[in-house]
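Taking it in order: structure first as structure tokens, then the write-up.
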Amino acid sequence: MANVLSIVSSKGGTGKTTVALNLAVALAEGGDPTLLIDVDPLGAIGFSLARSDTEWKGLAEYMMKQSTIAEAVIQTKLPGLSILPRGRLDPLDVGVYENLLHSSAALRDVLAVVGGKYSYIIIDTPSGLGMITRSALSVSNFALLPLQAEPLALRAISQTLRVLKHVKENENSGLELLGILATMVQLTKDVSFNIMNTVWASLSGVLETYIPRAEIFSIASEKGLPVAFLPGKYPPEAIRFELLATEIKSVVQGLGGATGVEDERPQRELI
């Protein structure tokens, strides 16, 4: 079965969707079949890929029994990466969407159908710790927490950790904290540098890889592309996500997740 990873943040502006998209690309390019699921009512993945709000059917149509999962999942031009978009959703119906996703077994049903096809399933949740985020955590093996390198985000991280603890104790005993990922880091700036020192010193589970603040993310968003797909010289930010994917796979293995690689290998000869 797939390793199901929810990306969760108690506040907006942490780069959560940027992380979800570029991590999914890095995992897929590294040879791990990956499904990216967008449960955010805003449809943030679609917007990140410069798609109109009504272009793709997806999870919303599946919940309304207007589409099957096979019809809703999009196979991208990257062979190892598929996307299950949010679907076509009138902003006036967001409340209905939230209630339906929270009260139904839709996400669990999706995972039951597709779980055997992918090594990783990444769920991009909305900002905040509301019903949809809780639903995603209830079906996930792991949670990844982007932490913007600024004071408010550091103060708010305890809220997210408390929700994870509650879900693990009361709803999903298999849920594990995969790690805290520092984002929008500027080590040349005093505030960001001081925040990172505090994060490294006071929080457990902080990943070694961090994502810097860089203009290239705005350029990629404008073009509707992951950073690794931009033309020109291969950007160091794309390499960051390759490192993140490698670190995450190592942590997953350490926490008992499936790696897709046989644990027992025969002896080989080099010469």
How about Lys233: which lysines have a C-alpha closer than 22 Å to its C-alpha, ignoring those fewer than 8 places off in the same chain? Lys77, Lys223
Cα pairs beyond 13 Å in the range 46-101, in percent, come to 61
Compute, for Ile248, the solvent-accessible surface of its heavy atoms (probe 1.4 Å) with the complete set of protein chains present, and express it in square angstrom to the nearest 10. 0
Can you give the FRET efficiency to the nearest 0.05 for Thr198 and Leu92, using r as the Cβ-Cβ distance and R₀ = 51 Å? 0.75
For the range 178-194, what does the Karplus curve 6.51 cos²θ - 1.76 cosθ + 1.60, with θ = phi - 60°, yield as ³J(HN,Hα) per residue in whole Hz, taken in order and with x for Gly and Pro? 6, x, 9, 10, 6, 10, 6, 7, 10, 5, 7, 9, 4, 4, 5, 4, 5
How far is the Cα center of the range 125-193 from the Cα center of the range 1-67, in Å? 17
Report, in deg cm²/dmol and to the nearest 500, the calculated mean residue ellipticity at 222 nm for the chain, where each DSSP H run with n ≥ 4 adds -39500 (n - 2.57) and the sum is divided by the residue count. -13000 deg cm²/dmol
Accessible area in square angstrom per residue, the chain, 1.4 angstrom probe: 50
Show which lysines lie in cross-link reach of Lys11 when reach means a straight Cα distance below 23 angstrom and same-chain residues fewer than eight apart are skipped. Lys165, Lys168, Lys189
A correct Kirkwood calculation over the Cα atoms of the chain returns a hydrodynamic radius in Å of 19.0
Over the range 176-271, the quotient of the Cα radius of gyration and 2.2 N^0.38 Å is 1.40
Kirkwood Rh and Cα-based Rg: tell me the resulting Rg over Rh for the range 1-127, rounded to two decimals. 0.93
Using per-residue counts of other Cβ atoms within 10 Å, averaged over each peptide, order 157-165, 43-51 from highest down. 43-51, 157-165
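The values are calculated or read from the model by the stated rules, or taken from the named source; none is laboratory data. Computed from a predicted model, the values in this text were never measured in an experiment. Because the Cβ atoms are built from the backbone with ideal geometry, glycine has one as well, and the counts that use them run over all protein chains shown. What goes into the accessible areas is simple: the full protein's heavy atoms, side chains included, and nothing from ligands, DNA or RNA. Shrake-Rupley method; radii C 1.70, N 1.55, O 1.52, S 1.80 Å.
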